[in-house]
Amino acid sequence: MAGTADANAIGTLRAAPPARYAEIQVSIAPLFRSYVIVSRQQIRENYRAVCQTVGPGVTVAAVVKAEAYGHGMLEVARVLEAEGARWLAVSSVEEGVALRDAGLQADVLVMAGVLPYEWEVVLAKGLTPVVHALEELPLLEAAAARIEKPAAFHLKLDSGMGRLGTRASAAHIAEALEPLRAARLQGLMTHFASAADFTTPQTDQQVAAFEAMAAELRQRGIAPRFLHLSSTNAMAYPRPQSWKSMVRPGHAIYGYVSPARGSHRTPRLVVRPALTWRARVVAVKDLPAGAPVGYGASFVAPQAMRVAVVAAGYADGVQHRLGNRGKVIARGKLAPIVGTVSMDLTTIDVSAVPELRAGDEVTLLGREGDVVLDAQQIAKSAGTISYNVLCAIKPRVRRIYE
Ligand SMILES: *Cc1c(COP(=O)(O)O)cnc(C)c1O
């Protein structure tokens, strides 16, 4: 990930667009073809907005899995820790280890499964595993005994999503917990399948199933410190009954809330995108009417037009399905993508901005003045979800933090 020096270099460059590109390239080394700028301040504000929404009694475990949804896991984790975050959540043990190795101190919940050979490293690195099946408990207990470390864990219930989580009865859970000595149940959790969908009772049913199980376990003397169910959607379209003692926001930290289905609800949680993605123009040229553009000639110029070839393609994370559908922002105007998105290049129609030149920047995701292109809009054009648009931005696109 780029450091402060890079950020300053780009900052200077953006403040004063180069009149003579070649000269500036000599004096400023990293002139990236395509780069992402992440606003630390916006991450902070989004995190605060989540904390305010759920109130002081609820622990916020900010989700930084998948390179913090493309924003860069370590940098985002540092920002959140400095902001007071006591808990972070990741998917894999590998991600948790990377946080520890970078010196992050927060408790780290590993949410997407621990493989049979990973239990020792989980505990050695001070990570908090989520257990998804009762058969995992003896492995955890044995690892904890071997390396003589306390082993707080969270147990996930499958309350109706049908993915990870145990479907065991309270009696079986109690029986499996009973012999544990080194391992200790710290949290009971579940995950919603459809929290932004108000056409289905699924979320209410999941809450009811979870609460019933928590009550049955309580009757058996099992009362873990944290109960948690909610990710972004259950906070944004508030279901306070599901906040309990911990929440797990991911998308919201990065400034997004999925649109609700089945109602005209507007999210109550106000967050803003923290990521801007830019790329440079490699070439500008004029095409005559009838000229085909790109692989497969899926676009043919209907009249004489000016196109620009942009230095980012699907190998950088531009959605292939944006071919002939998507747009970018060039000089403050929306410029349609024409033809197929290639591996390293994307062609756009710049007939409306003829002053665009090679070396100029366009915005693939972000805003220029009043013109906005966010991950939600891009997802709609590409027939996918905003999560996928963000996570698709590849590591070769340099991340710069401001
Ligand atoms: C990814 C994930 C989250 C965060 O979800 P968002 O919709 O991004 O807020 C929370 N909990 C679990 C189990 C997850 O896998």
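A short reminder: the numbers here are calculations on the coordinates, not readings from a lab. Note that the structure is predicted; figures quoted are calculated from it, not measured. As a convention, Cβ positions derive from the backbone with ideal geometry for all residues, glycine included, and neighbour counts pool all protein chains shown.
Taking other C-beta atoms within 10 Å as the exposure proxy, 374, 349 rank 374, 349 from fewest upward. The charge dipole of the chain, taken about its Cα centre with unit charges on the Cβ atoms of Lys, Arg (+1), Asp and Glu (-1) only, comes to about 740 debye. Panel order for 166, 266, by other beta carbons found within 10 Å of each beta carbon, from fewest to most: 266, 166. Coupling constants for the range 200-216 follow from the phi torsions by the Karplus curve (6.51 cos²θ - 1.76 cosθ + 1.60, θ = phi - 60°), and in residue order they are 10, x, 4, 5, 4, 5, 5, 4, 4, 5, 5, 5, 5, 5, 4, 5, 4 Hz; glycine and proline get x. Size estimate for the range 135-242 follows the Kirkwood approach: the inverse of mean 1/r over distinct Cα pairs works out to 14.8 Å.
Each pair of Cα atoms in the range 275-401 enters the Kirkwood radius, and Stokes-Einstein at 10 °C and 1.306 mPa s then converts it into a translational diffusion coefficient of 110 µm²/s. Residue-wise HN-Hα couplings along the range 369-385, as the Karplus relation 6.51 cos²θ - 1.76 cosθ + 1.60 with θ = phi - 60° gives them from phi, are x, 8, 8, 10, 9, 9, 4, 5, 5, 4, 4, 4, 5, 8, x, 9, 10 Hz; Gly and Pro carry x. Ordering 103, 263, 305 by Cα displacement along the dipole of the chain toward the positive end leaves 305 in first place; charges were set at the Cβ atoms of Lys, Arg (+1) and Asp, Glu (-1).
The Cα atoms of the range 182-317 cover 77, 39, 29 Å along the three principal axes, with the biggest extent listed first. The dipole here belongs to the range 40-254: it is taken about the Cα centre, uses +1 on the Cβ of Lys and Arg and -1 on the Cβ of Asp and Glu, and is about 480 debye. Radius of gyration (Cα atoms) of the range 40-254, expressed as a multiple of 2.2 N^0.38 Å: 0.98. Applying Stokes-Einstein at 20 °C and 1.002 mPa s to the Kirkwood radius of the chain, computed over alpha-carbon pairs, gives a translational diffusion coefficient of 93 µm² s⁻¹.
The packing ranking of peptides 220-227, 316-323, highest mean first, is 316-323, 220-227, where packing means the average number of other beta carbon atoms within 10 angstrom of each residue.
Legend: residue pairs 125/156; 65/244; 149/394; 285/333, Cα-Cα distance threshold 29 Å; pairs beyond threshold, 149/394. Rounded to the nearest 500, the 222 nm mean residue ellipticity of the chain from helices alone is -8500 deg cm²/dmol, with -39,500 (n - 2.57) taken per DSSP H run of at least 4 residues.
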